[in-house]
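The values are calculated or read from the model by the stated rules, or taken from the named source; none is laboratory data. Quick caveat, the model's predicted, so the values are computed rather than measured. All Cβ positions, even for glycine, are placed from backbone atoms using ideal geometry, and neighbour counts span all protein chains on display.
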Amino acid sequence: MYTFVDNVTEFEFNEFAGNHEKTHLLQSYQWAQVKSTYKPLYVGVKEDGKLIATALILIRSLPLGLKFAYIPRGPLIDFTNQELLKFFSDNLKKLAKANGCFMIRMDPGIAYKVYKVEEKDDSEETEYGQNVIDTLKSNGYIHRGLPLKMHDSFQPRFVAIVNLDDTTINNYQTRLKSSLRRIQKRGTKIESGTYQFLDEMSSMIKLTESRKNVSLRNRDYFKQLLDAYPETAEIYIAYLTPKKNIEVFTKEINSLTIEVDKIKDNSPKKAHRLNEQINSLKSLVEELEDVKDEEKTVIGSMLKIDFGHTVNLLYAGNDVKFSKFSPQEFIYDHIIKESIAKGYKYADMGGVEGSLDDGLTFFKAKFNPEIVEYIGEFDMPLSFKYKLFNFAWKMRLKLRNR
C-alpha cells in the first residue's frame with residue numbers, strides 16, 4: 001500500500017535521492033536553499049514504510065499572484081510502474097492546487113538519446129525514454145517537445161557527461177592530451193578551497209560575462225552554493241607565479257639559444273625546431289609582461305558540487321589574456337582525475353546547444369563526453385490560467401530567438 005508523504009526529512013530525502021539511479025543535484029534536499037525565492041516541498045511515496053519515490057518541488061511565484069510547481073530533473077520514480085505513477089500524480093495535483101498553483105512542470109532526468117558528439121546523426125531514441133514520454137502523456141501530462149536551444153527550456157536538454165573510469169583520461173582527444181602536457185611544463189598550478197576563493201571565482205566569471213556578453217552568476221550566488229553544500233562544494237583556481245615563471249622561461253630561452261648557436265650550421269632542421277621553442281617561450285614571457293612583478297596571478301576558476309555518484313562542474317571562468325596557459329582545460333582535467341580517484345561515476349559538464357556546433361560544445365568535446373539528450377519538460381495544467389501563461393511563454397521565446 002502506498003503512502004504519500006509531503007514532508008520527507010532531509011536525511012531520508014538525500015539518502016534516497018543520492019543513491020537513486022537517476023539522481024541529480026537539482027533533486028537534492030539542499031537545492032531549495034540555493035533557490036531561496038521559491039517555496040520548497042519535499043515529497044515522496046512510501047510502500048510499507050520505505051521510500052520508493054521522491055521529488056523536490058519548487059513553488060514559483062509570478063506577477064499577478066500566479067504560482068506554479070516545478071520539479072527540476074525529477075521526480076525520482078519508477079516511471080514503468082503505472083500504479084505508482086498514477087498515485088504520485090494524483091497526490092501531486094492535490095498538493096499543487098492546495099498551494100495555489102495553476103500548473104505543474106516537471107523535467108525528468110530521463111535520457112531520450114545518448115551519443116558521442118560525432119555520432120549524433122546516427123543516434124537512436126532509447127526505448128525507456130520513449131516509453132516514459134508515452135506514459136506521462138497517457139497520464140494527462142503535456143509534452144513540451146524536444147527543443148534544440150539551451151534557453152528554450154528551464155534546464156538545458158542537451159548535457160555533456162563524462163563517464164569516469166580507468167579509461168577516461170586515455171579517451172581524451174589527442175590534442176587535449178598534448179595540450180595538458182604543455183600546460184604542466186608552463187607552470188600552471190591549481191588550488192582548491194571554499195570561501196577564501198569567492199573573490200577570485202566571481203572576478204573570473206565577470207571576465208567571462210564581459211567577453212561573451214552573457215549574464216551568469218555573482219559572488220552572492222556562489223556563496224549560497226557553498227552555504228548549501230558545505231561538505232561537497234569546492235572552488236578551484238588555476239594560477240601562475242609570474243616572477244618564477246619568467247625566470248624559468250628566460251633561463252630555458254638562454255640555454256636553447258646557446259644550443260642553436262652551436263648546431264645551426266651542421267643541423268639546420270634541429271636548429272629550426274629549437275628556434276620554434278624559443279619563440280614559443282618568448283610569447284609566454286610576453287603574455288606575462290603585465291603581471292611580471294606579481295608573486296601569484298589567478299587565471300581561471302571553477303565551482304563544482306558532488307552529489308550522489310556525480311560530480312557537477314557548474315560554473316567556470318578564465319582570463320583570456322593568459323590563454324596560452326590553458327587554465328580551463330587544466331582545471332577540468334584536475335577535477336576529473338580527482339573524481340576518478342574518489343570513485344565517482346560521472347562528471348556532469350553542463351549544458352550545450354542542441355546543434356552541437358558552438359564553441360562550448362567544441363571545448364567540452366575534448367574530454368570525450370557523452371551527450372545526454374533528455375526527454376524534455378512536461379506540464380500538468382490545473383487551471384485556465386495555464387493557457388494564458390503558455391501563450392506568454394511562447395511569445396517570450398519568440399522574441400528571444402529573433
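Based on this model, can you work out whether SER192 counts as in the same structural domain as ASP333 (by TED's automatic domain parsing) and outside any helix (DSSP H, G or I)? Yes. Put simply, of ILE71, ILE77 the only residue that is surrounded by 14 or more Cβ atoms within 10 Å (Cβ to Cβ) and touching a Phe, Trp or Tyr at 6+ places or on another chain (Cβ under 7 Å) is ILE77. Set side by side, the residues LEU84, LEU92, LEU66 differ, and just one is in contact (Cβ under 8 Å) with a residue 60 or more places away in the chain, farther than 24 Å from SER28 by Cβ and of a type in the set (A, V, I, L, M), which is LEU66. Just one of (1) under 30 Å from LYS93 (Cα atoms); (2) modelled with pLDDT under 90 fails for ASN401. It is (1).
Here is a yes/no grid of residues against (1) within 15 Å of the chain's Cα centre (by Cα); (2) crowded, with 19+ Cβ neighbours inside 10 Å:
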| residue | (1), (2) |
| --- | --- |
| TYR332 | yes, yes |
| LYS337 | no, no |
| LYS342 | no, no |
| ASP357 | no, no |
| PHE367 | yes, yes |
| GLU370 | yes, no |
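For the stretch 327-369, the set of residues classified as of a type in the set (A, V, I, L, M), farther than 13 Å from ILE161 by Cβ and either assigned by TED's automatic domain parsing to the domain that holds ALA316 or in a helix (DSSP H, G or I) (or both) consists of ILE331, ILE335, ILE340, ALA341, LEU360, listed by residue number. For the stretch 54-102, taking the residues that are out of contact with any strand residue (DSSP E or B) (no Cβ under 6 Å at 6 or more places or on another chain) and hydroxyl-bearing (Ser, Thr, Tyr), the one that is farthest from GLU21 (Cα to Cα) is identified as SER89.
Within the stretch 311-324, restricting attention to residues that are of a type in the set (Gly, Ala, Ser) and outside any helix (DSSP H, G or I), the residue that is nearest to PRO230 (Cα to Cα) is ALA316. Please verify whether SER280 is surrounded by 13 or more Cβ atoms within 10 Å (Cβ to Cβ), without any contact (Cβ under 8 Å) to a residue 40 or more places away in the chain and of a type in the set (Gly, Ala, Ser), treating the condition exactly as stated. Criteria met by SER280. Taking helices (runs of 4 or more DSSP H) as the structural unit, those lying wholly within the stretch 196-310 and holding at least 1 residues that are modelled with pLDDT under 95 and among the hydrophobic types (A, V, I, L, M, F, W, C) correspond to 198-212, 242-263, 268-287. All of (1) within 18 Å of the chain's Cα centre (by Cα); (2) surrounded by 20 or more Cβ atoms within 10 Å (Cβ to Cβ); (3) of a type in the set (D, E, K, R) hold for GLU377 with one exception: (1). Against the conditions (1) free of Cβ contacts under 8 Å to residues at least 40 places away in the same chain; (2) buried (at least 17 other Cβ atoms within 10 Å of the Cβ), GLU15 satisfies every one except (2).
Considering the stretch 110-146, the residues that are outside any helix (DSSP H, G or I) and β-branched (Val, Ile, Thr) include one that is nearest to TRP393 (Cα to Cα), namely ILE142. Can you tell me which residues in the stretch 30-44 are within 18 Å of the chain's Cα centre (by Cα) and crowded, with 20+ Cβ neighbours inside 10 Å? Scanning the stretch 30-44 gives GLN30, TRP31.
Do we find a residue being surrounded by 14 or more Cβ atoms within 10 Å (Cβ to Cβ), farther than 30 Å from GLU10 by Cα and free of Cβ contacts under 8 Å to residues at least 40 places away in the same chain anywhere in the stretch 229-252? Among the residues of the stretch 229-252, at least one is surrounded by 14 or more Cβ atoms within 10 Å (Cβ to Cβ), farther than 30 Å from GLU10 by Cα and free of Cβ contacts under 8 Å to residues at least 40 places away in the same chain, which makes the answer yes. When the stretch 147-189 is limited to residues that are closer than 30 Å to LYS282 by Cα and part of a loop (DSSP other than H, G, I, E, B), the one that is nearest to the chain's Cα centre (by Cα) turns out to be TYR172.
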